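Here the structure is laid out as structure tokens; the discussion comes afterwards.
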4 protein chains.
Amino acid sequence: MTRVAILGGTGYTALELLKILARHSSAKVTAITSRTETSPIREIHPSLAGRFDLSLENLSPQQLKERADVVFCCLPHVASMEAVPGLLEVGLKVIDLSADYRLKDPEVYAKWYGHAHTDVGRLSSAVYGLPELYRDRIRGTNLIANPGCYTSTSILALAPLIQRGLVEPTGIIIDAKSGVSGAGRTPKQNILFAECNESFGAYSVGNHRHQPEIEQILSESSGHKVDVIFTPHLTPMDRGIEATIYAVPKAKATQQELLEVCRAFYQESPFVRVVDRIPTTKDSAYTNFFDMTIRIVKDRVVILACLDNLIKGASGVAIQNFNLMYGYPETDGLL
Amino acid sequence: MTRVAILGGTGYTALELLKILARHSSAKVTAITSRTETSPIREIHPSLAGRFDLSLENLSPQQLKERADVVFCCLPHVASMEAVPGLLEVGLKVIDLSADYRLKDPEVYAKWYGHAHTDVGRLSSAVYGLPELYRDRIRGTNLIANPGCYTSTSILALAPLIQRGLVEPTGIIIDAKSGVSGAGRTPKQNILFAECNESFGAYSVGNHRHQPEIEQILSESSGHKVDVIFTPHLTPMDRGIEATIYAVPKAKATQQELLEVCRAFYQESPFVRVVDRIPTTKDSAYTNFFDMTIRIVKDRVVILACLDNLIKGASGVAIQNFNLMYGYPETDGLL
Amino acid sequence: MTRVAILGGTGYTALELLKILARHSSAKVTAITSRTETSPIREIHPSLAGRFDLSLENLSPQQLKERADVVFCCLPHVASMEAVPGLLEVGLKVIDLSADYRLKDPEVYAKWYGHAHTDVGRLSSAVYGLPELYRDRIRGTNLIANPGCYTSTSILALAPLIQRGLVEPTGIIIDAKSGVSGAGRTPKQNILFAECNESFGAYSVGNHRHQPEIEQILSESSGHKVDVIFTPHLTPMDRGIEATIYAVPKAKATQQELLEVCRAFYQESPFVRVVDRIPTTKDSAYTNFFDMTIRIVKDRVVILACLDNLIKGASGVAIQNFNLMYGYPETDGLL
Amino acid sequence: MTRVAILGGTGYTALELLKILARHSSAKVTAITSRTETSPIREIHPSLAGRFDLSLENLSPQQLKERADVVFCCLPHVASMEAVPGLLEVGLKVIDLSADYRLKDPEVYAKWYGHAHTDVGRLSSAVYGLPELYRDRIRGTNLIANPGCYTSTSILALAPLIQRGLVEPTGIIIDAKSGVSGAGRTPKQNILFAECNESFGAYSVGNHRHQPEIEQILSESSGHKVDVIFTPHLTPMDRGIEATIYAVPKAKATQQELLEVCRAFYQESPFVRVVDRIPTTKDSAYTNFFDMTIRIVKDRVVILACLDNLIKGASGVAIQNFNLMYGYPETDGLL
């Protein structure tokens, strides 16, 4: 049994982590922290009533160390890199769900997040927590940079064809759509029900922070300099990301051949489903599955990919990483 | 042509007023105010682009008087009763969409709104702006207290049968459901999309502020002391209120007879539709119609009623009142 | 390991059963039937890809008996009572999710379902599958009549206070609201997205088939003749039922006392959460929990109750019944 | 006053036409037809109660001619081209909302609609009813081919930059998203609420019928052979289309210059709003406005465009065409 603490328990990623951990055969949640709240967790997340009796606490790294083996850090960026070093120093393992350890280059971080990185030394050793690409590295690390939701969708969709040299690594267009839970739980006018419901639109066109993350990981993992245009859209639903991706073919291949390449690429990955039909977000909602298919349209390869932004795009993959780090079955808690 | 100003232009009731006024044959919007914003109205409400070129301004009553004949006051309660006296004093007519002039008894106001009333003298002269009950009074007034959305639904549904002595005035249960726009546009966690969507639940059970308003108007208009249990619920949709109302019959009457009583009661009211089928909120969404029907179930009369909370429940009825005050056709701008 | 077959695999209750069974420690799905389809189950329910490799088959009772120990019958009413006798006769246990074995009186069945009952002999021996009331009977039976979704909500909310004599058994008003999945997966105009979305309204007022079921079980379990007015409403969401219930108090008791009575009543029931706050459907969505609270408003006891119509209201409770029948932990597969 | 008949009154486009016509200063609806229904229109579309007293009738062209000057044909494709010739022959004007007269080449029609065209002679004379491109032709015709919803969105977004030579006419990617009302009112499983809600996904990738229509009109109006990849997606909302369009720039121009080109192009078009902010579908929902903006991202021009699929994408533009045909103000009924 591994003892688990959640750092920052009031948001949606903490909620989803806790729901999954309630089902896990070998994890026990021993602490949930907040700097401001002391309520029982069931008052913050009523759906957890009857599943967890814990209350939120403000705990030091040392106190956490006494209670837990590993910390899932659900703080926002900046706050995360202020907290993580102390956790690692007392000997805790950390799975960080923020963006703070994802980008390897501190200047890229500073440019996109508007804040100098304060823990530059750990950027190179933190492991990017995408198990389908980095299963081995994840097994051996103490610090996971859990991927962004749009990022996972885009990378998992593109990695096989880029790595196998079947599409050009540049000129890629990623038209992505997300449910509103991706925007978090802090009240803002643009995510009010009466603003988002019955509304669909793009945002952060050409300047969303997941773009450099997509490019970094796809470049690093393929050995090619990957360049994408990334356009996110807000969709009136709770859960789910869909990405429709347009890439230029580099070699002649049929749709079936491309699908087979992807199936082979992911044959050891229990949460990737390369399907024939066009996936919808509902197929993978409330699961840790990533679904994708491929069509060839005129002179383009069109990849259609879906996942649940809070599970496979955040808390589910975090548990998948946890399972790998501790040698548990990769699917524990996630089926 | 009547010159119209909107006091407090950033919320949903102001937006709906402006959409209706854009269609009105005899109204011209000359000013929209805000104490804090100076943006063009199209930046606050993008749907108004191409319809209004005005920008928000902070205007004194005297400045408003130079530009307008009548002011629609869209401020929150308390702020409204601070602003209205000054508007009336310079000779403007006022249609107040807040709750501040609805309750006749200042102690009831203080109890339910948690604030002493600061303009008690006008409570008796303000006219409750429900045209179906008070058409004549509305024609002659300078100050309209525009009704609450749940209130209009409940009163219009019950007034005919109570006034005609066909149901008991006490022991009435009003189980009401509202779309989320009724909660306004100020960011709060409970009205975030990811909280409300795919969620339904009651709130303010036994202590919603529209209960005393319903009881006051139904009592005053029927001459009986009316007593209701009122339970509001938040429904995952933008628009609409549905009320399912359970009353005890006082006299023997068939469903058809009760429907005919209602039809006769509302025969001069162009926006009331007494229908045979069970109405849904979609039937009246984006219109100024109020729909109702009646069923007899065991020992109860069940009334089912719907309207659009922002139109017939707020801004539409405000224009209906405006039309009556200025002698325009009651339906101008509203079909 | 218990071998499980699903009879009628194309609808939503079968889908939810399969999702739960995928997590169950001691159940193995060995067959899924359809009279018309032979597709892989992942084509009927894309979300099951990667979880089940079975295809739909048209199997006789004898064939089912070779493969399974127990059958979850997901056929519509009438079809169910045509199939169930054959299953029992070959020695299978049956958990029937239709309405066919819920009502004890065949005349009541014929009146509400418009069809003579064709297996009257089993009506008395079938056990109503509401574990919170009938845990012991469930343990020993071969035929479960799994409850209706509105019915479970209403009964669980009312049973403690009626059985303890704290509210009158008559004059009860149940104002219930359901997500659209409760209407099934057969295409009909009234459940199209563009009809239901942004719409709320009542239906089957005074004549919904769950009313006699609620009355039968509450009467039988309390020893009082229970009489309810039941009004269902369709709500624009996938999942969830909320019931706001108005009852007349029979004895003096505070809100806290009533809550304590309910907590005591359900202390052995792991899926009932008697909470202080007003529950919403989102709190229990995608879980097997039933949530309730109580308020006293004027001269009424108001009970507010929620559950997920497809889980605790259908497939989840079916698994709970299965667990009891086979001696597995009541929560297996359901947390 | 122009007398108007609706051919095929049961669907959503007929409903929206009737709502607009109720507000029109110079149109009177005199007949609504159906081959199967004879109900009052308020039973088919409850929202029309109190607005229209007509019942559905099965009328011959000659009978229609006695009652009406112009017919809005709301039949499905194929049915439309069977009905339109008879209407024109008795001297009625026709605005056809189906696809039957949009494509000029009968072989293209046959390929995409799977049916030989049966009124080939009129394909060349029918006028494509997109007022922003063909205002003059529309004024003089008796037969309007009203455009498709995705088509209008795409053409209005691209026409200025293609015609002015600012983007390449080939290699254009149109990633489009539509609300569910675009799929019509005939019950099918894929448009059930419980299937579409909380779901987003692509469909008809590379083979949607609006693709050849977009290419034909953009090519014809610009004099360049235009070639697009068009990907439609179904979005969980009633109304609205958003298109995110990726084009390769042909000349150097800033975002502001491109926006100014579009503003100049549409300066006589009262329903086009070229805005600075990124539009959402809610901005134009329930209106006849088309909203667009432009961003330059890396080596692409990204156009973001929205309209209401049932209004500007169908029934609203049909009324705009009607206004032009009869010399009424272009905005009559539409503000």
Just to be sure I understand the curve: with the Debye formula and one point per C-alpha of region A:35-102, what is log10 I(q)/I(0) at q = 0.17, 0.19, 0.21 Å⁻¹? -0.70, -0.84, -0.97
Averaged over D:176-189, how many beta carbons belonging to a partner chain fall within 10 Å of each residue's beta carbon? 4
Threshold 50 Å², probe 1.4 Å: give the residues of region A:269-298, in number order, that are less accessible with all protein chains present than with their chain alone. A:ARG273, A:ILE278, A:LYS282, A:TYR286, A:VAL297, A:LYS298
Residue-normalised value, i.e. accessible area per residue, for region C:1-61 at 1.4 Å probe, in Å², stands at 39 Å²
Between chains D and A, what is the buried accessible area summed over both chains (1.4 Å probe, protein heavy atoms, nearest 100 Å²)? 3300 Å²
Whose Cβ in chain C comes nearest the axis that rotates C onto B, and by how many Å? C:ASP175, 2
Taking every pair of alpha-carbon atoms in chain C, give the share separated by more than 32 Å as a whole percent. 26 percent
For A:GLN189, the net charge from surrounding residues (Cβ-Cβ under 9 Å; K, R +1; D, E -1) works out to +1
Is the C-alpha gyration tensor of region D:62-149 telling us rounded, prolate or oblate? Criteria: a/c under 1.5 is rounded; beyond that, a/b larger than b/c is prolate, otherwise oblate. oblate
Area accessible to solvent at C:HIS115, 1.4 Å probe radius, in Å²: 70 Å²
Per-residue HN-Hα couplings for region D:28-40, Karplus 6.51 cos²θ - 1.76 cosθ + 1.60 at θ = phi - 60°, whole Hz, x for Gly and Pro? 10, 7, 10, 7, 10, 10, 7, 7, 10, 9, 10, 5, x
Cα gyration tensor shape of the protein assembly as shown, rounded if a/c is under 1.5, else prolate or oblate by comparing a/b with b/c: rounded
Mean shadow area of region A:67-223, taken as a quarter of the surface of its Cα convex hull (nm²): 11.0 nm²
How large is log10 of I(q)/I(0) for region D:223-264 at q = 0.17, 0.20, 0.33 Å⁻¹ when the intensity is taken from the Debye formula with one equal scatterer per alpha-carbon? -0.78, -0.93, -1.20
Looking at region B:41-65, residues buried by 50 Å² or more relative to their chain on its own, accessible surface at probe 1.4 Å, turn out to be B:PRO46, B:ARG51
Share of accessible surface on carbon and sulfur in chain B, whole %, 1.4 Å probe and ligands ignored, is 48 percent
Residue mean of other protein chain beta carbons inside 10 Å, B:304-315: 1
Could you tell me the distance between the Cα centroids of region C:130-153 and region B:294-335, to the nearest Å? 46 Å
Per residue, how much accessible area does region C:77-150 have with a 1.4 Å probe, in Å²? 37 Å²
As a percent rounded to 5, the proportion of antiparallel DSSP bridges among beta bridges in chain A is 45 percent
As a test, work out the antiparallel percent of DSSP beta bridges whose residues both lie in region D:149-309, rounded to the nearest 5. 70 percent
Taking amide H positions as placed in the peptide plane 1.01 Å from N, state which residues far from D:VAL94 in sequence (5 or more) or on other chains have amide H under 5 Å from it. D:VAL71, D:LEU143, D:ILE144
For region D:211-257, which trypsin sites (Lys or Arg not before Pro) are both in a DSSP coil and crowded by at most 11 other Cβ atoms within 10 Å? D:LYS225, D:LYS252
Hand me the tally of lysine pairs in region B:149-309: alpha carbons under 27 angstrom apart, and the pair either on different chains or 8 or more positions apart. 11
So which lysines pass the test for C:LYS93, namely a Cα distance under 27 Å, with those fewer than 8 places away in the same chain ruled out? C:LYS19, C:LYS28, C:LYS65, C:LYS104, C:LYS312
Out of B:SER284, B:GLN256, B:ILE296, whose Cα points farthest toward the positive end of the dipole of region B:252-296 (charges: +1 Lys, Arg; -1 Asp, Glu; placed on Cβ)? B:ILE296
If the only charges are +1 at each Lys and Arg Cβ and -1 at each Asp and Glu Cβ, what is the size of the charge dipole of chain D around the Cα centre, to the nearest 20 debye? 320 debye
Suppose you put the label 7 Å out from Cα in the Cβ direction; list, shortest first and in nm with one decimal, how far D:TYR203 is from each other copy's label. 2.1, 2.7, 3.4
For region C:149-310, the dipole about the Cα centre with charges only on Cβ (Lys and Arg +1, Asp and Glu -1), to the nearest 20 debye, works out at 120 debye
Treating only the Cβ atoms of Lys and Arg (+1) and Asp and Glu (-1) as charged, compute the dipole magnitude of region B:1-147 about its Cα centre; round to the nearest 20 debye. 440 debye
Divide by every residue of chain B the summed helix terms, -39500 (n - 2.57) for each DSSP H run of at least 4, and state the resulting mean residue ellipticity at 222 nm, rounded to the nearest 500 deg cm²/dmol. -9000 deg cm²/dmol
Beta bridge orientation in the protein assembly as shown: antiparallel %, DSSP, nearest 5: 45 percent
What is the spin-label model distance, in nm, from D:ALA79 to D:LYS111 if the labels are put 7 Å beyond Cα along the C-beta direction? 2.8 nm
For region A:153-274, radius of gyration divided by Kirkwood radius, i.e. Rg to Rh on alpha-carbons: 1.03
Shape of region A:127-180 from its Cα gyration tensor (a ≥ b ≥ c, root eigenvalues): rounded if a/c is under 1.5, otherwise prolate when a/b > b/c, or oblate? oblate
So the label point sits 7 Å from Cα along the Cα-to-Cβ vector; using that for C:PRO187, what distances do you get to the other copies, in nanometres, sorted shortest first? 1.0, 4.3, 4.4
Treating the point 7 Å from Cα along Cα-beta-carbon as the label, what are the nm separations from A:GLN62 to the other copies, to one decimal? 6.7, 7.7, 10.1
Nearest 0.05, what FRET efficiency do B:SER26 and D:GLN267 give at R0 = 45 Å with Cβ-Cβ as r? 0.95
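The values are calculated or read from the model by the stated rules, or taken from the named source; none is laboratory data. Small disclaimer: the values here were computed from a predicted structure and weren't measured. Every residue, glycine as well, gets a Cβ built from its backbone with ideal geometry; the counts of neighbours run over all protein chains shown. Only protein heavy atoms, including side chains, enter the accessible area calculation; ligands, DNA and RNA are left aside. Shrake-Rupley method; radii C 1.70, N 1.55, O 1.52, S 1.80 Å.
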